[in-house]
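Read through the structure below, which is laid out as C-alpha cells, and then see the notes.
The values are calculated or read from the model by the stated rules, or taken from the named source; none is laboratory data. Keep in mind it's a predicted model, so treat the numbers as computed, not measured. No Cβ is skipped: glycine too gets one built from the backbone with ideal geometry, and neighbour counts run over all protein chains shown.
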C-alpha cells in the first residue's frame with residue numbers, strides 16, 4: 001500500500017517485465033497473508049467487481065459491511081441533547097469556577113467577555129428505554145431507539161475552530177490533503193455494487209436561520225489516495241449528479257461508442273506513460289456511464305411502501321431534506337455501497353440556541369430514528385454501522401446575553417457526545433462521564449482517533465496495518481500517535 005507498488009500494480013505486461021519484478025514478491029506476500037474465515041478467502045476479490053478490495057482485506061471477519069456517517073456540521077450542544085447535568089440549575093448566571101476551566105484556551109469569540117456565566121439547559125430530560133438513558137425532550141423519536149445506541153459522552157478532539165475540526169473528524173488530521181474516512185474504506189474494502197460509487201456523500205437542507213458553516217470537499221476527498229476513491233456528492237435538487245445524462249440527440253449507444261474510443265486513447269496513454277491516474281480517469285468515465293441508469297432508480301422512492309414513508313415523516317417527500325437523505329442512505333447500503341456520509345449543516349449556535357436547536361432537531365430526530373428502525377426491520381442493521389455526531393461540543397457558559405430561555409454556546413473541543421449503532425457495537429450502553437459542568441472528561445475519555453480505530457475495527461480492519469506511503473510517512477486514518485479501538489463499545 002504505497003505509490004511505488006501501486007504504480008507497478010497498474011503496469012502493462014510489457015512495462016511490468018521490462019522495468020521491474022518487485023510486484024511478484026508483493027503478490028506472493030499478499031497471498032501468503034490472506035486468511036480464511038468461514039471457508040472464504042479474505043481479500044480474494046471476484047474479477048468482475050468494479051470496486052474490489054485490497055489483497056488481504058478485511059484483516060478479520062467484519063461485524064459491519066457498510067457505514068452510514070451522520071455528521072451534524074457546526075457542532076450540536078451535548079448539554080442540551082445528551083449530557084444531562086441536573087445540578088447546573090444551581091449555578092444559573094454564576095461565573096464558571098476557575099477550578100473547572102483551569103485556564104484552558106477558549107475561542108476569540110468569547111475570550112473578550114467580562115465573565116463566563118453558566119447556562120443550564122432549558123430543556124427537560126427524561127429516562128428512556130430499558131437502558132434508562134437520559135435524553136432531551138428535543139429528541140422524542142430518538143428516545144425510542146436508545147436501546148440500540150452506544151452513547152459516547154467523552155469524545156474529544158484537537159481543534160477548536162470549525163474548518164480544522166471538521167477536517168480532523170473526517171480525515172484524522174487538521175492538515176488538508178489527507179484521505180477521508182469514506183475514501184479509506186472505499187480503497188481498502190471496495191464495494192459490492194458495480195453501478196454506483198463505493199463512497200457517496202449527501203448534503204441535505206437545514207432549518208436553522210443562523211449562518212451555517214461551509215462544507216469543503218476535503219471532508220470527502222481521497223487526498224493522497226488514488227482519485228477514484230473520492231466521495232461522489234449527490235445533489236439535493238435537479239440532477240443528482242451533474243453532466244452524466246446524455247444531452248439531447250445523443251443516445252446511449254452513441255455515448256458507449258464515444259467512451260470506447262476515449263478509453264482506447266486513455267489506455268494507449270497509460271501504456272506509454274504508466275500513470276495510474278489514467279486508469280482512474282477510465283474508471284470514472286465508466287462509472288458515470290453506469291450511473292446514468294442506476295442513479296435515477298436509486299432516487300425514485302415510488303417503490304417504497306406507505307408505511308416506510310410514514311416512518312420517516314412528511315419531510316421524506318421533500319427532495320434534499322434530511323429525511324429524504326436518510327432514506328436514500330438506506331437504499332444505498334441496501335445496494336451494496338460501502339460508505340454513505342450525510343452532512344447536515346446549521347448546528348453552529350453561538351446565539352439564540354434554544355430556537356435554532358429546536359429547528360435542527362426537528363430536521364433530524366424522526367428520520368434518524370426511522371433509519372435505525374428501517375435497517376433493523378430489514379435485517380440490515382447487523383451489517384451496517386451508523387455513527388452520529390459533530391466536530392466538537394459547546395460550552396457550558398453562555399456566549400453573549402443570558403436569560404432563562406435564551407442563550408448561546410461557544411466551541412468546546414474538550415468533550416462532546418457521539419453515538420454508534422449497528423454492526424459490531426454493543427447496544428444500549430453509555431461510555432465515559434464528564435464533570436458536573438460538562439467541561440472535561442472524568443472517566444474514559446475517547447479521542448477521535450480512538451473512535452476511528454473503533455469504526456475500522458467494526459469493518460474488519462486493524463487500523464495500525466492500514467497505511468499508505470505519502471510524503472515519506474506511512475499515513476493512517478488514525479494518525480501516527482497511539483490510538484486503539486474502544487473495546488467496551490464492541491459487541
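For this structure, a couple of remarks:
- Flag if residue 54 is modelled with pLDDT of 95 or more, surrounded by fewer than 18 Cβ atoms within 10 Å (Cβ to Cβ) and outside the structural domain of residue 148 (by TED's automatic domain parsing): yes
- Segment 188-220, subset under 28 Å from residue 474 (Cβ atoms) and over 15 Å from the mean Cα position of the chain (by Cα), residue surrounded by the most Cβ atoms within 10 Å (Cβ to Cβ): 197
- Under the condition of being assigned to a loop (DSSP other than H, G, I, E, B) and either on the phi > 0 side of the Ramachandran plot or crowded, with 16+ Cβ neighbours inside 10 Å (or both), the residues counted in segment 300-311 number 1.
- Residue 481 part of a helix (DSSP H, G or I) and surrounded by fewer than 20 Cβ atoms within 10 Å (Cβ to Cβ): no
- Between 360, 377, 366, the distinction of being surrounded by fewer than 23 Cβ atoms within 10 Å (Cβ to Cβ) and modelled with pLDDT of 95 or more belongs to 377 only.
- When restricted to residues that are over 22 Å from residue 422 (Cα atoms) and either crowded, with 23+ Cβ neighbours inside 10 Å or under 19 Å from the mean Cα position of the chain (by Cα) (or both), segment 139-160 contains 4.
- All of 485, 441 fail the test of being at pLDDT 95 or above and under 19 Å from the mean Cα position of the chain (by Cα), apart from 485.
- Test: residue in segment 406-414 that is under 19 Å from the mean Cα position of the chain (by Cα) and at pLDDT 95 or above: yes
- Subset of segment 95-110 (residues that are closer than 15 Å to residue 411 by Cα and either in a helix (DSSP H, G or I) or not assigned by TED's automatic domain parsing to the domain that holds residue 437 (or both)): 101
- Residues being in contact with a helix residue (DSSP H, G or I) (Cβ under 6 Å, 6 or more places away or on another chain), buried (at least 18 other Cβ atoms within 10 Å of the Cβ) and over 14 Å from residue 329 (Cβ atoms) - total across segment 221-238: 5
- Answer residue from segment 454-466, given it is part of a helix (DSSP H, G or I) and in contact with a strand residue (DSSP E or B) (Cβ under 9 Å, 6 or more places away or on another chain) and is surrounded by the most Cβ atoms within 10 Å (Cβ to Cβ) among those: 454
- Test: residue 89 is part of a loop (DSSP other than H, G, I, E, B), over 26 Å from residue 428 (Cα atoms) and in the same structural domain as residue 164 (by TED's automatic domain parsing): no
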